[in-house]
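Student: Take a look at the following structure, please.
The values are calculated or read from the model by the stated rules, or taken from the named source; none is laboratory data. Given the structure is predicted, the values throughout are model-derived calculations rather than measurements. Cβ placement follows ideal geometry from the backbone for every residue including glycine, while neighbour counts extend to all protein chains displayed.
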Amino acid sequence: MALYSDKVMDHFRNPRNVGVIEDADGVGEVGNAKCGDIMKIYLKIDNDTISDVKFETFGCGSAIASSSMATEMIKGKPVSEAMELTNRAVAEALDGLPAHKMHCSVLAEEAIKAALKDYYDKNGIEYDHTKFPDCASCGHCDL
């Protein structure tokens, strides 16, 4: 059995949505100190819908594939639906990731949520702070 699925290899070799959105409405950057992967997600949001999304990822093939798939999964979707994206959904859409590479799909989920939080913060939009893993330490509220 191959270590990586055909979908992982396709998104690694032909990543979708690579690049920068200069006037992004939300930007999220996360990293994993243990493996060195860094993901940055840029969102363009119009009428509460993600009209464009781009990413820059420094990391392994699984990190690039996870970034690519995650951006495909939220593009054109309402912000509320993008907030519900999980790392498991990203891994499943890629037809699985090896156990030791699941952290790559976690980074993709976290980067999207960080970009959405940035969008909410920039626009003064109220949100459920419990949906953001690092929110309790951000200092914006009394959690």
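Residue-wise test of (1) among the aliphatic types (A, V, I, L, M); (2) surrounded by fewer than 19 Cβ atoms within 10 Å (Cβ to Cβ); (3) not in a strand (DSSP E or B).
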site	(1), (2), (3)
88	no, yes, yes
95	no, yes, yes
101	no, no, yes
115	yes, no, yes
121	no, yes, yes
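Student: To continue, here is another question. Among the numbered conditions (1) of a type outside the set (Gly, Ala, Ser); (2) in contact with a Pro (Cβ under 6 Å, 6 or more places away or on another chain); (3) part of a strand (DSSP E or B), tell me where residue 30 comes up short.
Tutor: Single failed check for residue 30: (2).
Student: Let me ask something else about it. Filter the range 110-127 down to the residues that are within 18 Å of the chain's Cα centre (by Cα) and either basic (Lys, Arg) or under 15 Å from residue 50 (Cα atoms) (or both) and list them by number.
Tutor: Once the filter is applied, which keeps residues that are within 18 Å of the chain's Cα centre (by Cα) and either basic (Lys, Arg) or under 15 Å from residue 50 (Cα atoms) (or both), the range 110-127 yields 111, 112, 113, 114, 115, 116, 117, 118, 119, 120.
Student: Listed residues 3, 85; which is in contact (Cβ under 8 Å) with a residue 12 or more places away in the chain, farther than 23 Å from residue 117 by Cβ and not basic (Lys, Arg)?
Tutor: Numbers: 85 fails: farther than 23 Å from residue 117 by Cβ.
That would be 3, the only listed residue that is in contact (Cβ under 8 Å) with a residue 12 or more places away in the chain, farther than 23 Å from residue 117 by Cβ and not basic (Lys, Arg).
Student: Let me ask you something else. Can residue 39 be described as modelled with pLDDT of 90 or more, in contact with a strand residue (DSSP E or B) (Cβ under 7 Å, 6 or more places away or on another chain) and surrounded by 19 or more Cβ atoms within 10 Å (Cβ to Cβ)? Please lay out each step first, then the result.
Tutor: On the way: modelled with pLDDT of 90 or more: yes; in contact with a strand residue (DSSP E or B) (Cβ under 7 Å, 6 or more places away or on another chain): yes; surrounded by 19 or more Cβ atoms within 10 Å (Cβ to Cβ): yes.
So residue 39 passes the test.
Student: Can you name the residue in the range 97-121 that is of a type in the set (Gly, Ala, Ser) and touching a Ser or Thr at 6+ places or on another chain (Cβ under 6 Å) and, of all such residues, is farthest from residue 40 (Cα to Cα)?
Tutor: First, the residues of the range 97-121 that are of a type in the set (Gly, Ala, Ser): 99, 105, 108, 111, 114-115.
From what is left, the residues that are touching a Ser or Thr at 6+ places or on another chain (Cβ under 6 Å) are 105, 108.
Values: 105: 13, 108: 9 Å.
In this case the residue turns out to be 105.
Student: For residue 66, indicate whether it is farther than 17 Å from residue 20 by Cβ, crowded, with 17+ Cβ neighbours inside 10 Å and among the small types (Gly, Ala, Ser). It would help to see each step written out before you state the result.
Tutor: Details: farther than 17 Å from residue 20 by Cβ: yes; crowded, with 17+ Cβ neighbours inside 10 Å: yes; among the small types (Gly, Ala, Ser): yes.
Against the criterion (farther than 17 Å from residue 20 by Cβ, crowded, with 17+ Cβ neighbours inside 10 Å and among the small types (Gly, Ala, Ser)), residue 66 qualifies.
Student: Can residue 65 be described as aliphatic (A, V, I, L, M), assigned to a helix (DSSP H, G or I) and in contact with a Lys or Arg (Cβ under 8 Å, 6 or more places away or on another chain)?
Tutor: Details: aliphatic (A, V, I, L, M): yes; assigned to a helix (DSSP H, G or I): yes; in contact with a Lys or Arg (Cβ under 8 Å, 6 or more places away or on another chain): yes.
In short, yes.
Student: Out of curiosity, is residue 80 in a strand (DSSP E or B), free of Cβ contacts under 8 Å to residues at least 40 places away in the same chain and more than 21 Å from residue 13 (Cα to Cα)? Steps first, please.
Tutor: Values: in a strand (DSSP E or B): no; free of Cβ contacts under 8 Å to residues at least 40 places away in the same chain: yes; more than 21 Å from residue 13 (Cα to Cα): yes.
So residue 80 does not fit the description; no.
Student: Let me confirm something: among 110, 84, which residue is in contact with an Asp or Glu (Cβ under 9 Å, 6 or more places away or on another chain) and closer than 20 Å to residue 129 by Cα? Lay out the reasoning, then the answer.
Tutor: Working: 84 fails: in contact with an Asp or Glu (Cβ under 9 Å, 6 or more places away or on another chain).
Just one listed residue meets the conditions, 110.
Student: Test of understanding: among 89, 108, 99, 93, which residue is at pLDDT 90 or above, out of contact with any helix residue (DSSP H, G or I) (no Cβ under 8 Å at 6 or more places or on another chain), closer than 26 Å to residue 33 by Cα and of a type in the set (Gly, Ala, Ser)? Give the steps one after another, and end with the answer.
Tutor: Numbers: 89 fails: out of contact with any helix residue (DSSP H, G or I) (no Cβ under 8 Å at 6 or more places or on another chain); 108 fails: out of contact with any helix residue (DSSP H, G or I) (no Cβ under 8 Å at 6 or more places or on another chain); 93 fails: out of contact with any helix residue (DSSP H, G or I) (no Cβ under 8 Å at 6 or more places or on another chain).
Going through 89, 108, 99, 93 in turn, just one is at pLDDT 90 or above, out of contact with any helix residue (DSSP H, G or I) (no Cβ under 8 Å at 6 or more places or on another chain), closer than 26 Å to residue 33 by Cα and of a type in the set (Gly, Ala, Ser): 99.
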